[in-house]
Every structure is written in C-alpha cells, then in structure tokens.
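J.: One structure coming up, written as structure tokens, with questions to follow.
The values are calculated or read from the model by the stated rules, or taken from the named source; none is laboratory data. Keep in mind that what you see is a predicted model, and the values were worked out from it rather than measured. With ideal geometry, Cβ positions are generated from the backbone for all residues, glycine too; neighbour counts draw on all protein chains shown. In case anyone asks, the SASA skips ligands and DNA or RNA and just uses the protein heavy atoms, side chains included. Shrake-Rupley method; radii C 1.70, N 1.55, O 1.52, S 1.80 Å.
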Amino acid sequence: MNTMQADNLVPKNSSSCAMNPLNLEEFKRQGYMVIDFIANYYQNIEKHPVLSQVEPGYLKELLPKSAPFSPEPIETILHDIQNHIIPGITHWQSPHYFGYFPSSGSIAGFLGEMLGTGFNVVGFNWMASPAATELEGIVMEWLGEMLTLPKSFLFAGNGGGVLQGTTCEAILCTLVAARDQMLSQVGKDNIGKLVVYGSNQTHSALQKAAQVAGILKKNFRAIETTESTSFALSPDSLRSAICSDIEAGLVPLFLCATIGTTATTAVDPLRPLCDVANRYGLWVHVDAAYAGSACICPEFQHFLDGVEGAHSFSLNAHKWFFTTLDCCCLWLKDPKALTKSLATNPEFIMNNHASNSEQVVEYKDWQIALSRRFRSMKLWLVLRSYGVDNLRSFLRSHVKMAQIFEELVVSDKRFQVVVPRNFAMVCFRALPLAMGNKVYENGMGNKVYENGNKVYENGMGNNVYENGMAQKITDDQHDQERSNQLNQELLKSINASGHVYMTHAVVGGLYIIRFAVGATLTEDRHVFTAWKVVQEHLDAIIGI
C-alpha cells in the first residue's frame, strides 16, 4: 500500500484527533459508530457459536507484532474487532448461553457504565468527587431495603454498604477485618492458630482470601456436605469441626455461608449456622453472589432467614441483576471493624474540611485499593430505569424458564435432575441406563454390558438390576464412573456444536451438567432449543 492510499484511509480530521485525544466532534462521530457496532453485535449474536471455537495463540497470528507508529482510523479498528476479536469471544450475552452463572446485561447497565467511564472520576474519598461517594451510599441503601436486609446492615442502623469489584474482594476485606479483630484479643503472635470455615461447596474465593490474609493452609476447613442435605452445610458438622479445633488449641475465626453455591445453588441454613458460629465468636459472612439478586422477590426472601445473625452480606449485581461487570454489593453491620484494618490517612488526601469533620464516608478505607471507579452510576441507572416491579419480573421469567427445562428433563426417563432446583439453574445428568446395549469401558479394564431392564455386570461379580425408570438410583463405584464418562462426553459434544453452552460440576462424586438461565435475551424458545440439542447429542452418542 503506497502513502497516498494509506492517507485516504485516515479521516481528514484525524490529525486534530491525534493532537487532542478528547476532540469532541471526533468523539461523537466515533461514539455513534461504536454504539451502532454493539447494537449490530446483539442483533446478530445468535449467529455466533456460543463457545469460542478458536485455538490457543490464534490472535497472535492475526495481529501485528508491534503497535502502530501512526494513528489508525476507527473504521479499521472496528473491522479487526469484527474479524479477529469476536471469533475469540465466548458470548456470555447470547440467549443460548447457559454456563457458569449469568453475567446479565441491560441498556441501563451499558449506559451507566458509559457515563461512569465518561466522567472518569477517581473517587477515593468524598472530596475527590462527592457525588460518587454519596450516590454509592444511596443505592446501597435502596438495594438493602429491596432485599429487606435488617436495619443493622444499613447506614440508617449504623451499618452500611459499599461497592467492591468482586466477591473475592468482599470476602478478603471482611476476613481481614475479622482477623485483626480476633488478633487484638488473642495476640498477633497467634495468627497461626486462626481457622477459617466453609463447606466443600463454598466458592474458592474463600480459600484464596484465607491464603492472602495469612491463614495457614492447614487451618482452612472445607467441611464435607452430602446429598441428604442437598449439599448445604450442616450446622452439626460445623459445630463438630469448631469443637475439634478448640480442643486442638486453635482459634475459630471466620465462617462463609452461601446462598446459592456455584455447583448446585445449594442454600446453607443461615439461622442455625449463625447460632453455632456466634456461640464460638466467629465472624459470619454470607456469600449470595448469584442468588442474592432473586431475594428482592418476596417468594425468595425466606432464604435469608437468619441473616440478622451474620456480620456481613454480599451479592454480585453483575451476575443476575443486569449491571455490567464489575459490581459486588457488600453490606456490614460494623463498618468500623473494616476501616480499622484498611484505613490509611496520607496528608495529601485526608487534610481537608470534609474528611476532618468525620461526617462523610471515605470509601477508600472500605476496600483494598485506594482508587475507586464510579460503579454506583450503573447500578443507579438499573434501579431507576426498570424499577423494583420490572426487576422482579425479569428474575421470575428466568426462574420460569428453568422450571420449563426441569420439566423437560423429568419427562425423559434417560435423564435425572440431580438436586432440587432453588433458583434458575437445573443440575441434571444422563443416567447409565441411557446407554442401552452399548458396551462401555468402566475405567478399570472391565467391559460393562447394559440392556435396558436386563441384568448387567458391575465389574465386581455382582448382578445389578435397574427398572428403566427415571427414579433416583444409587450408583455403585462402577456405575458412577460410567455415568461420569457418559455425561462428560455428552457435555463436550454439546458445547463443541456451538449451538448452546453449558458447564459442569462434580458433587458427591457425580459429574453433573449445569443449565443456568439468566442471559437477558433468553426466551422460552431458546430453552426448548437447548433441550433438543441435549437429546440429539445423547442420541448420537448412544447410536440412535
């Protein structure tokens, strides 16, 4: 390409743009183009494979080895995004996305993010941008009231709320506060005795926070859960673990209870767990990252029964509350416990009238980092643009679609719903009997022959009878291995198709498929399509 051809690609006013990165006319021109580009992406999102089909290192082969020396026009950049970036995206906003947990978007969330980014304030303290601090306090109060959180968690009751980036940050901050509070009683030299508790279903964020906070790995307790409690943490098991640690001379510190675990959306029983924890002086944090949003609906608020016994509570508005990543809402009964651990008071920040008056919230002391984004803007727009009634309707529509999928699973005797559905996620698996007459390796060198209701060998010389129904069956070790292999193969096949995307979990030794409804664009028809895809891929595997 010669110089004259290259010059023709550059807008006539590009030199002005290059000299002034905030040329307003160019901002409007390019901004409209980007908005149109995003709108077009959503209009055509169903045409893309949900799970990206690229191979590792693909992008390095497509892009230049170094940054351009001269400016490139936005048209060229958007062209490359369309051709090179979008193929490498797993489309979380696709209506066929049913993996992990949702990261639901909305017009209000997008525009709120745009406004917050456009203002580009660095709201570390009140003085740096009063509106950023005060709006955050207001929206956290609004949302806390929508959840019917106890007044003790709100500013009105001497508690308060803050927007963190993610649950990982929220758990780390509260764990550090709990740690320092306990060490002030037992002495700093005893940090090696502090013990942190969760269940084996608790998010790995707890383990990471414990490591960062200096808790010894051997003092991290992931208490076993069982199918008999739907994989919720048992208060008796917690009590037993605490008593055992006390007898060993250790110091119980922190419990993370979960409302909606990652694997199965299990709900830990808050009231009895808080009773046990409070008896032994533990800090209780409630992680409701996914399911907390649903608790703005009266029919789900019973899952929060007993939350008044906790010390802190968090949910991710960027999961199932139509607010873009990142936006984790954290409420505390005693914010001073947090600020005692995290506060710093440099002269250049704190020597001003507002800070010295102690009448304002200094959110820099409620988080790990000093700098803060204007996150409250997008949450404020979501609350105002849709209102409580519509937000409840959106969430209920997702729950209804999950119910539809659950009914479809139950209607096919080759499948089983593994755990009770609490919210908008269904955990299911194909049963071993779905293999029909197929010979399947059980992973131990034995071939297992299945034949509907007939007798098959379980690899241990014993005959096992199945009734061919979709009733709950108890798998022996070889059954379980065979079932796990089947479902792993099924999920891999489903996701490779690009038509839908789901993810898995392993609970009680079972490999299960998770179907999580929550993408904003998902409708009933997408649920029926997803089920058809599941059935077709099982048929292909078993040779129908």
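J.: How many residues are touching a Ser or Thr at 6+ places or on another chain (Cβ under 9 Å) and either closer than 12 Å to Thr323 by Cα or among the hydrophobic types (A, V, I, L, M, F, W, C) (or both) if we restrict to the range 384-405?
T.: Adding up the residues that qualify gives 6.
J.: Looking at (1) surrounded by 16 or more Cβ atoms within 10 Å (Cβ to Cβ); (2) at pLDDT 95 or above; (3) not in a helix (DSSP H, G or I), find the lone condition where His318 falls short.
T.: Evaluating His318 over (1) surrounded by 16 or more Cβ atoms within 10 Å (Cβ to Cβ); (2) at pLDDT 95 or above; (3) not in a helix (DSSP H, G or I) leaves (3) as the failure.
J.: Output the residues belonging to the range 484-510 that are open to solvent by less than 30 Å² (accessible area, probe 1.4 Å), of a type in the set (A, V, I, L, M), over 24 Å from Phe322 (Cα atoms) and not in a helix (DSSP H, G or I).
T.: Answer for the range 484-510, where residues must be open to solvent by less than 30 Å² (accessible area, probe 1.4 Å), of a type in the set (A, V, I, L, M), over 24 Å from Phe322 (Cα atoms) and not in a helix (DSSP H, G or I): Ala505, Val507, Leu510.
J.: Take the residues of the range 25-46 that are free of Cβ contacts under 8 Å to residues at least 40 places away in the same chain and among the aromatic types (Phe, Trp, Tyr): which is farthest from Thr117 (Cα to Cα)?
T.: Tyr32
J.: Residues being part of a strand (DSSP E or B) and either free of Cβ contacts under 8 Å to residues at least 24 places away in the same chain or over 13 Å from Phe415 (Cβ atoms) (or both): count how many of those fall in the range 511-544.
T.: The qualifying residues number 3.
J.: Can you list residue pairs whose Cβ atoms sit under 6 Å apart, with the first residue in the range 292-312 being farther than 13 Å from Asp268 by Cβ and part of a loop (DSSP other than H, G, I, E, B) and the second being at pLDDT 95 or above and among the β-branched types (Val, Ile, Thr)? Count only pairs 6 or more apart in sequence or on different chains.
T.: Note: pairs meeting the criteria are His311/Val284.
J.: Quick check on the range 179-205: of everything there that is aliphatic (A, V, I, L, M) and farther than 24 Å from Thr262 by Cα, which residue is least open to solvent (accessible area, probe 1.4 Å)? Lay out the reasoning, then the answer.
T.: Of the range 179-205, the ones aliphatic (A, V, I, L, M) are 182-183, 186, 191, 194-196, 205.
Narrowing the set further to residues that are farther than 24 Å from Thr262 by Cα leaves 182-183, 186, 191, 194.
Working: Met182: 24, Leu183: 19, Val186: 51, Ile191: 55, Leu194: 0 Å².
Checked the range 179-205; the qualifying residue least open to solvent (accessible area, probe 1.4 Å) is Leu194.
J.: Checking Ser230 against (1) open to solvent by less than 70 Å² (accessible area, probe 1.4 Å); (2) at pLDDT 95 or above, only one condition comes out false. Which one?
T.: Condition not satisfied by Ser230: (2).
J.: Looking at (1) open to solvent by less than 50 Å² (accessible area, probe 1.4 Å); (2) closer than 30 Å to His318 by Cα, which one does Pro73 not meet, given that it meets all the others?
T.: Answer for Pro73: the failing condition is (2).
J.: How many of the residues making up the range 130-165 are open to solvent by less than 60 Å² (accessible area, probe 1.4 Å) and on the phi > 0 side of the Ramachandran plot?
T.: The total comes to 1.
J.: Keeping to the range 324-374, report how many residues are within 30 Å of Asn390 (Cα to Cα) and at pLDDT 95 or above.
T.: Step one: filter the range 324-374 for residues within 30 Å of Asn390 (Cα to Cα), giving 324-333, 372-374.
When the remaining residues are screened for being at pLDDT 95 or above, the result is 327-333.
Selection size over the range 324-374: 7.
J.: Which residues, taken from the range 511-529, are among the aliphatic types (A, V, I, L, M) and either surrounded by 17 or more Cβ atoms within 10 Å (Cβ to Cβ) or at pLDDT below 95 (or both)?
T.: Passing the criteria: Ile512, Ile513, Ala516, Val517, Ala519, Val527.
J.: Count, please, the residues in the range 339-370 that happen to be in a loop (DSSP other than H, G, I, E, B) and over 26 Å from Trp320 (Cα atoms).
T.: 12
J.: Across the range 132-184, what is the total count of residues that are farther than 19 Å from Arg373 by Cα and touching a Ser or Thr at 6+ places or on another chain (Cβ under 6 Å)?
T.: 5
J.: While we're on this one: Mind checking which pairs have a first residue in the range 124-139 that is in contact (Cβ under 8 Å) with a residue 60 or more places away in the chain and outside any helix (DSSP H, G or I) and a second that is open to solvent by less than 50 Å² (accessible area, probe 1.4 Å) and hydroxyl-bearing (Ser, Thr, Tyr), Cβ under 6 Å, 6 or more apart or different chains?
T.: Here the result reads Trp126/Thr133, each pair linking the range 124-139 to a residue that is open to solvent by less than 50 Å² (accessible area, probe 1.4 Å) and hydroxyl-bearing (Ser, Thr, Tyr).
J.: Quick check, is Ser244 at pLDDT below 95, surrounded by fewer than 18 Cβ atoms within 10 Å (Cβ to Cβ) and of a type in the set (Ser, Thr, Tyr)?
T.: When the stated conditions are applied, Ser244 does not pass them.
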